[in-house]
1. Please compute one quarter of the surface area of the Cα convex hull for the stretch A:149-216 and express it in square nanometres.
2. Could you work out, residue by residue across A:346-355, how many beta carbons of other chains sit within 10 Å of that residue's beta carbon, and then give the average as an integer?
3. For peptide B:251-261, compute the average count of partner chain beta-carbon atoms within 10 Å of each residue's beta-carbon.
4. Compute the label-point distances linking A:Gly354 to its equivalents in the other copies; points lie 7 Å from Cα along Cα→Cβ; give nm, one decimal, shortest first.
5. Taking the label point 7 Å from Cα in the Cβ direction, how far apart in nm is B:Lys423 from each other copy of itself, listed shortest first?
6. Take the residue pairs B:Lys117/B:Lys206; A:Lys166/A:Lys193; A:Lys102/A:Lys256 and return only those whose Cα atoms are more than 29 Å apart.
7. Please list A:243-251, B:328-336 highest first by mean number of surrounding beta-carbon atoms within 10 Å per residue.
8. Could you let me know the centre-to-centre spacing of the stretch B:315-357 and the stretch B:387-435, using Cα atoms, in angstrom?
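The values are calculated or read from the model by the stated rules, or taken from the named source; none is laboratory data. Given the structure is predicted, the values throughout are model-derived calculations rather than measurements. We place every Cβ from the backbone using ideal geometry, glycine too, and count neighbours over all the protein chains shown. In case anyone asks, the SASA skips ligands and DNA or RNA and just uses the protein heavy atoms, side chains included. Shrake-Rupley method; radii C 1.70, N 1.55, O 1.52, S 1.80 Å.
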Protein chains: 2
Amino acid sequence: MRTTKRIQLSEERVDFDQLAIDLWEIIENKILSSENDLEIFIKEGEKRFQYYSLLVFGEFYYSKGENYLSKYITEKALRYDLTVPFARYVVQHQNEIEFPFKRYQIQPVWRADRPQKGRFREFFQCDADAVGSQSLLQEVTFVQLYDAVFTDLGLKGTTVKMNNRKILSGLAETIGASDKLIDFTVALDKLDKIGEEGVVNEMLSKGISSEAIERVKPIFKVTGSFAQKLSVLKELLADSEIGKQGIEELQYINEKIEALGLKTVTLDLDVTLARGLNYYTGAIFEVAAPEGVKMGSIGGGGRYDDLTGIFGLKDVSGVGISFGLDRIYLVLEELNLFPEQAIKGTRLLFLNFGENEALYCLKAVQSLREAGITAELYPDSAKMKKQMSHADKRNIQFVVLAGTQEMAEEVYTLKNMKTGDQKRLDLKGLIDALA
Amino acid sequence: MRTTKRIQLSEERVDFDQLAIDLWEIIENKILSSENDLEIFIKEGEKRFQYYSLLVFGEFYYSKGENYLSKYITEKALRYDLTVPFARYVVQHQNEIEFPFKRYQIQPVWRADRPQKGRFREFFQCDADAVGSQSLLQEVTFVQLYDAVFTDLGLKGTTVKMNNRKILSGLAETIGASDKLIDFTVALDKLDKIGEEGVVNEMLSKGISSEAIERVKPIFKVTGSFAQKLSVLKELLADSEIGKQGIEELQYINEKIEALGLKTVTLDLDVTLARGLNYYTGAIFEVAAPEGVKMGSIGGGGRYDDLTGIFGLKDVSGVGISFGLDRIYLVLEELNLFPEQAIKGTRLLFLNFGENEALYCLKAVQSLREAGITAELYPDSAKMKKQMSHADKRNIQFVVLAGTQEMAEEVYTLKNMKTGDQKRLDLKGLIDALA
């Protein structure tokens, strides 16, 4: 399951599954009613199983006795993805859940790798998954979801690249390198980084014959539309059953998307895409930021036929995608795409001329806020120059001056900080002017 | 600063402050460009300072050499509150920030205490603070903020309890127990748990004389409105300058709130409230859930006159409040206050009669979603009975049946799952019917 390994299995499968479920729930929620509970729990388990494996900051700590494990669970266990918790949830609630089952989840998770720009130690994982259906319409829906989200964000030029594990298997099969599938795809995946020559050399060094490489060369140069790329693959994979199956799947998805139309993203076939080959069994997605933005993929996902196998529930096919929230944020920032209203603060500062005036203004502030207009009162009756400068430095558009005269007439003097224009308005007029 | 202690200071104050700022930034952001950077950073520091103190899961680990510290920073340092990071931000950006400065922040943090219901190991901290002004209008604004939020949530019966550290100091002073302020207030704080007799016994056991306790007894039974309670305190604290100052502050806040009015919360004076006496210097807030709900405080805060002292910037007064997000969630759940639209999912399920029909339906799904109506297509062309049962189990209100006949006429048959009513509608009619 993604970055983790299978929890060690034992001869007593059923009980183990339940234990694993419970254990994960504890890790996820960090809710132990007491340390004792955990110890009892572990003792109970120890009777039956040789190992407990817990992912702790990307590593597994195996039980070396209660205290050791307890220490790491309670002090160090951190969530590293949302997929395993989701699988646990599905298995635990399999009798209440109505399948096909969809959920999204946005939550901070932790990574063990060296942090760098766009790869923070703690980051927000943002997943959407659909389980319990093998229908390719799920894949279609997720392409639409990417399109809808990037349309809302105004992120034009985004590309959703797709591939299919079956095509990669078919290619390896066709050239007689099925036993070298991983070497083959790892090399292929580097095409845009090290070029054709580099890929060929790496394949040769891994023991793939030059004849085999020669046969696969057409894919190094494949260009054109999704459908055109599929034609090249069709020729190449004419003799591979699994390869043809992969082509059919991609063709189905592309046809539906063409019929439905996309607003913002471009759907592309990238036969070099080999993301997550350890767990994806069908579709593979990866989202590239608009050209010119230096940022790795801003999303990805795929279909996995054994999501819940880790907890003992077999044959639950799922497909899911992730949004790289922190990276998308950085891309939006780089392209200046944050909408103005997401950035701007207070529109209206009431100047403070003393206790009575302040109270008079606070009543207006309250009404403005209820009308959805961001307003505030300067908290001290400081010198007017200081208060005006405060409004100026914070780029506040309007100030309100309300002294004894305004109070007597039940009006407010609204001043536009840019133009210097002043108007006397009653409360309703003030709200209307800002609405 | 809240649960932490001051970072150990050294003779070279200015440099230390900068180091402390940098260190906190690293801890908060977990962005180390490399392990080397950290080691250089620590070596540099070690020349000058004896200790580095880092809060790690509620404990301090003191530097025992580079590797030891490095290990704990990179592997274990977890955010435990948002106040220290905020103080660090204010000090680091003091020249760019325009004061008074307000910010809110919502983020997961970790606690070291034993987790239990409403006290999770990882929880969402939700803070609002205003720094750089001693104006009591900040306190007034925060009472209004509590009121606005609980009004939006429909959480009636919530009480914002206020006290003032100066009143507690005044009481201790008046009875000649200034040196026992903490013992005095800790005992007083237990009034609703252990009753008057219990409090008296605890005070006696701490060495507060029975004459002193006799003088303070009026506050054990103080009832009535905010203003009435203030009158009792005024008599009691007539000879204490600090006590009178605390009374004036609370009176000012209460008068303003009475003039402005509250929609949902009740403002109450609770003279036994002694929350956060280590750091609060003026106002103290605590929010109680509606009566009958078994839940500790769902919010709290106060004024602290030395927010940024930890990083070497003196005399920056601040006031801040927290919302206990997880607890508020539990209260809303217990009182069934989540709005229906926050719970309900898909309103409309299109049944799937085959590939062509599915595509026809997907186009409608897309239009409905764009109109803000949650709709989806059953992903497989399963038996109709199974699809209907799926809609039923998920409490989906409407299903759409669209076979070859509907496709030919460009209509959709909309069926109300509750009443069984069926209507034939074109796409526009469908959208209008659901809008």
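1. Over every viewing direction, the Cα hull of the stretch A:149-216 projects on average to 5.7 nm².
2. So the per-residue partner count for this stretch is 1.
3. For peptide B:251-261, the averaged partner shielding equals 2.
4. 8.5
5. 4.3
6. Beyond 29 Å: B:Lys117/B:Lys206.
7. My ranking of the peptides, most packed first, is A:243-251, B:328-336.
8. 27
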